[in-house]
Every structure is written in C-alpha cells, then in structure tokens.
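For reference, the structure is listed below as structure tokens.
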Amino acid sequence: MRQHLRVDVARAIERLKVLLGPAGYLEDAGDIEPFLTDHRKLYRGVTLLVALPSSTSEVASLVEICAAAGLGMVPHGGNTSYCGGATPREQGSEIVVSLRRMNRVRSLDALNYSMTVEAGCVLAAIQRAAEEADRLFPMSLGSEGSCTIGGNLSTNAGGTAVLRYGMMRDLVLGLEVVLPDGRVLDQLKPLRKDNTGYDLKQLFVGAEGTLGIVTAACLKLFPRPRGYATALVALASPQAAVDLLTGLRGSLGDNVTTFELLPRSALELVCRHIDGATDPFGHPHHWYALVEVSLPQADSDLAERLQTELAAGIERGALDDALLAASLGQRSAFWKLRENIPEAQAREGASLKHDVSVQTGRLPEFIDEGALLLERLVPGVRLVAYGHLGDGNLHFNLSFPSGGDQRVFLQRAEEVHRAIHELVARYRGSFSAEHGIGRHKVAELERYEDPVALDLMRRLKRVLDPDGIMNPGKVLREE
Ligand code: MLT
Ligand code: ZN
C-alpha cells in the first residue's frame, strides 16, 4: 500500500511539472529553502515541490492532480504568519502552493468602491492601486510590504485600522476559491447586498487554507482621507487610555482610525534597538497611545478638535502629555515607535508572545491582573503589552528578566502560556485575537473552544475536504 502511494505521488509530481511548466515550480534545495520555515522560525518542514501556478485554472488542475494522489497542499502567501500556518510539516508529504505569480489587479471600479485582485497581490501594491484611483483600501499592517492578500484573507488579518474599518472579513465583498476537489467556487460579485442563502465566502476567510485555496477576492474600497492628524499621548495608565479613546470617539466619531497602546517597556526597546528611533518626550511616562484621526477634507477642523481635546485632557490631569505631529516626518517617527516593537523585542532576545483580546473596557483590569500573575510566576519578567487597544486586542508579550538566563526563561513557556490563557478564558476573551491558529495553537483551540463549535468545525472540514489534503494539521488536528 505504502509503495503504491509513493508511486502515485511520484506520478502526481511529474504531472504537476508538466502542467505548470519550467517557470511554474521550484525543486532545487536552495530555491525551496525560504518556503520551509516560518517567519518566527518555530517550524522547519520538508516539501516535495513548490508549485507556482499562474492562473485559477492552473490551481484547479493542480488541486485535481493532488486530490487524485491524496497529496497534501500548503497554500503560501508572503510567509509572514506568526503561527506556522503556511509551513509544510516534517513528513515531506505535502507540496507548497505559492500564489505569488497570481498578482494581477483584475479590475477596479471606483464608482462601486471595489476592486478585484488575485491572491498573490502584495498588500502594499493593493493600497497603491486604490490610491491611484483616489480610493482607500484600509487594511494596514507592519508586514504590508511582503504579506499577500490571499494570506490576509486566509488569516482574517487585523492591523492598525480595525477600529474604523474592521478586519479582513469586513473588507471582502466576494471570493474565488479552488475547492479540495478542484472545482472553482466563483463568488466574486462586487455587491454590497446579496442575501442569497449562506454566506459561503466567509467560510474561507480565516480558514487558513484548510478548506480551499483562495485565488482571488473582490475588496471594499473607501473614500480616501485627505490627510491625517496623528498624536502621541503620554498616560499614567491603561484606564486613562480607555477613557481617552471613549472621549475621542464621542467627539470625533469614526474619524478616529487608530488607537494603539504602548507601554514604557516597548518604547525603551524600540529606542535601544532601532536606528533613528527616539523618545519624543522630555522624560519617561508609564504608557503611551498612538492616536490617528483621518481628515475627510483638506480644510477639516478635526485636527484642531483633536488638539483641543488633548489640551483639555492635560488641563484636567487625565493625560500626562501629548504631541501632535507637525509634519509628515514627525508622523512617521511616531509610527516608527509603534511598528518596530516586534522587531525591537526580537532583537532584545528571548520573548514569549500572547495575542489576546477582551472587551476593551476590561483591558485595564486584565493588564493589572496579568502583570501581577506574571511577576509571581517569573520574578523580574518584563511585560511588553502593546497593540490594538481600540479593538480590545493586545500583544501581551514578555521579555526575559534583565540579566536573567534566556534559556531558563524559555523553559517556562508552557507554564506562562497556560497562566495567561486561563486568565483570558476567565475574561471570556480570545487566546488568538489576530494571528490565527496555524499549527502553533491547535492544542489551545481544542482546549478553549466551545465543544459544539469545535465539532461543527471538524464536520465542516470533513464535508469540504474529506481526504484532509488542504493544509493538513493546521487549525484542526489531522484525523
Ligand atoms: C503587531 O501588531 O505589531 C503585529 O500583530 C505583530 C506582533 O504581534 O508582534
Ligand atoms: Zn497586531
């Protein structure tokens, strides 16, 4: 039987090469190397071939060939996953399907505020194409120069504009997906209203390639802001940040597009490790918020209103200090402090990551409780809890205690993850708010997901992918 399977697989690989042509696959060790590890270097897999299809019909034929041989497929975008979702496993029984050659903007309808793009389009290229048509595609991430829209869709990406525009799920009008049997599900209608049965496209958003391969998407566009008012605010506590957010949303409404929280520990790491990053305030503060308000018209008075609100906050003692960016250069200097936190934390050395969410109003209490719990567990640990306060989502990360042994710290990983995730469960929060499940959090999903929901997920997987060939072992354990 095993011998038989190997022959089938070898034949399938040969058929794939014929289908894709010499420019359509990679097999040399040096060429496939970048596809074997994930962004965080948590996993290293093996693959029989990296396929580079150039059209939806090629993906469909490829899937048919793989399905006939029972060959697993790992869809691959910009390889920026934090959970190993796009990395093949060690068995060597899967091919990687990179969508990078499918990178065309198929159409853009400015009047309809929509555009249709292929899965391999890099996020920044989509943003630029929208801008050229005087429209905004609002998804914005630190990795936007390399992540692809297929990956953004498959992981339901978040980023720094979720507060105003929602996650990837909210930005999609239609999808084209190659199903595990090779059929093409064409749901690419650029419609905002279409109540015709189940909303199938949403099944594939956030499915991490386990139900099919997303090949194209129709995306929502928005009016392009004419400018931004950006402030870095110094605060005594996360509660002061939540109060500021509530006040700003009350007075400026949906024009508040970004509200990110930074602790002093994060600012220090960025200033230590990132060239050109400096603390713009004269002296240290406990917490900071990066606030951005988008200006719908060039002559909008929203910037002055933001300034007035911040000045009033300082006056009443609710805020410690605030700086409004006076130039584009200063705006990008503020953003640099926020966007470089992951890089700075990596350069500092051993760290443990948690990607949690709770109701925004309960975040201050959660941070206090989490900090106490961690200090008891790992005395001296440095809490670097930062991120999307406006969405109730924090990257509740830890850096090893200064002067401590990094290896000993990492040996505590399981214990620390369990303590934080148990705390999250008590708050009825999420242990994976933004980065998905991939391979990294399969056991956590089994532990914390509602059993009925987990049962439905497994049934859905069996219905759509009965042979378990789509990104096997990701999100759900292989059956
Ligand atoms: C971020 O918000 O910076 C990203 O999600 C990456 C991270 O968690 O480190
Ligand atoms: Zn994030």
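The values are calculated or read from the model by the stated rules, or taken from the named source; none is laboratory data. Predicted model, so just to flag it, every value in this text is computed and none were measured. Because the Cβ atoms are built from the backbone with ideal geometry, glycine has one as well, and the counts that use them run over all protein chains shown. Areas reflect the complete protein model, heavy atoms only, side chains present, ligands, DNA and RNA absent. Shrake-Rupley method; radii C 1.70, N 1.55, O 1.52, S 1.80 Å.
One residue is enough: does region 442-454 have a residue meeting the conditions within 16 Å of ligand 2 (Cβ to nearest atom) and either over 19 Å from residue 82 (Cβ atoms) or more than 23 Å from the chain's Cα centre (by Cα) (or both)? Spell out the reasoning first.
Going through region 442-454, the residues within 16 Å of ligand 2 (Cβ to nearest atom) turn out to be none.
Within region 442-454, none of the residues are within 16 Å of ligand 2 (Cβ to nearest atom) and either over 19 Å from residue 82 (Cβ atoms) or more than 23 Å from the chain's Cα centre (by Cα) (or both).
What is the one condition in (1) surrounded by fewer than 20 Cβ atoms within 10 Å (Cβ to Cβ); (2) away from ligand 1 (no atom under 16 Å from the Cβ); (3) not charged (D, E, K, R) that residue 409 does not satisfy?
With respect to (1) surrounded by fewer than 20 Cβ atoms within 10 Å (Cβ to Cβ); (2) away from ligand 1 (no atom under 16 Å from the Cβ); (3) not charged (D, E, K, R), residue 409 is out only on (1).
Which one is farthest from residue 460 (Cα to Cα), of the residues in region 193-229 that are in contact (Cβ under 8 Å) with a residue 40 or more places away in the chain and part of a helix (DSSP H, G or I)? So that I can check it myself, show each step before the final result.
If we filter region 193-229 for residues that are in contact (Cβ under 8 Å) with a residue 40 or more places away in the chain, which is where we start, we get 203-229.
Still in the list and also part of a helix (DSSP H, G or I): 203-204.
Values: 203: 9, 204: 11 Å.
Out of the qualifying residues, it is 204.
Hey, can you tell me all the residues within region 162-192 that are closer than 20 Å to residue 112 by Cβ, part of a strand (DSSP E or B) and not charged (D, E, K, R)?
Residues satisfying the conditions are 172, 173, 174, 175, 187.
What tally of residues in region 267-325 results from selecting those that are closer than 22 Å to residue 391 by Cβ, under 30 Å from the mean Cα position of the chain (by Cα) and of a type in the set (D, E, K, R)?
So the answer is 1.
Listed here are the residues, each with its yes/no results for (1) within 16 Å of ligand 2 (Cβ to nearest atom); (2) basic (Lys, Arg); (3) free of Cβ contacts under 8 Å to residues at least 24 places away in the same chain; (4) not in a helix (DSSP H, G or I).
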position	(1), (2), (3), (4)
298	no, no, no, yes
303	no, no, no, no
311	no, no, yes, no
317	no, no, yes, yes
323	no, no, no, yes
332	no, no, yes, no
338	yes, yes, no, no
343	yes, no, no, no
374	no, no, no, no
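Rundown of residues vs (1) open to solvent by 50 Å² or more (accessible area, probe 1.4 Å); (2) without any contact (Cβ under 8 Å) to a residue 60 or more places away in the chain; (3) part of a helix (DSSP H, G or I); (4) within 16 Å of ligand 1 (Cβ to nearest atom), yes/no style:
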position: 101; (1), (2), (3), (4): yes, no, no, no
position: 107; (1), (2), (3), (4): yes, yes, no, no
position: 115; (1), (2), (3), (4): no, no, no, no
position: 129; (1), (2), (3), (4): no, yes, yes, no
position: 139; (1), (2), (3), (4): no, yes, no, yes
position: 142; (1), (2), (3), (4): yes, no, no, yes
position: 146; (1), (2), (3), (4): yes, no, no, yes
position: 158; (1), (2), (3), (4): no, no, no, yes
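Looking only at region 393-401, decide whether some residue is away from ligand 2 (no atom under 16 Å from the Cβ), within 23 Å of the chain's Cα centre (by Cα) and closer than 26 Å to residue 67 by Cα.
Scanning region 393-401 turns up no residue that is away from ligand 2 (no atom under 16 Å from the Cβ), within 23 Å of the chain's Cα centre (by Cα) and closer than 26 Å to residue 67 by Cα.
Please tell me if residue 268 is in a strand (DSSP E or B), within 30 Å of residue 371 (Cβ to Cβ) and either open to solvent by 30 Å² or more (accessible area, probe 1.4 Å) or among the charged types (D, E, K, R) (or both).
No: the conditions fail for residue 268.
Could you please find all residues in region 362-380 being farther than 17 Å from residue 240 by Cα and in contact with a strand residue (DSSP E or B) (Cβ under 7 Å, 6 or more places away or on another chain)?
Correct list: 370, 371, 374.
Evaluate the following for residue 363: is it within 16 Å of ligand 1 (Cβ to nearest atom), in contact with a Leu (Cβ under 8 Å, 6 or more places away or on another chain) and part of a helix (DSSP H, G or I)? First the steps, then the outcome.
Details: within 16 Å of ligand 1 (Cβ to nearest atom): yes; in contact with a Leu (Cβ under 8 Å, 6 or more places away or on another chain): yes; part of a helix (DSSP H, G or I): yes.
Spelling it out, residue 363 is indeed within 16 Å of ligand 1 (Cβ to nearest atom), in contact with a Leu (Cβ under 8 Å, 6 or more places away or on another chain) and part of a helix (DSSP H, G or I).
Kindly indicate whether residue 124 is closer than 27 Å to residue 223 by Cβ, of a type outside the set (S, T, N, Q), surrounded by fewer than 17 Cβ atoms within 10 Å (Cβ to Cβ) and touching a residue at least 40 places away in the same chain (Cβ under 8 Å).
No; evaluated as a whole, the condition is false for this residue.
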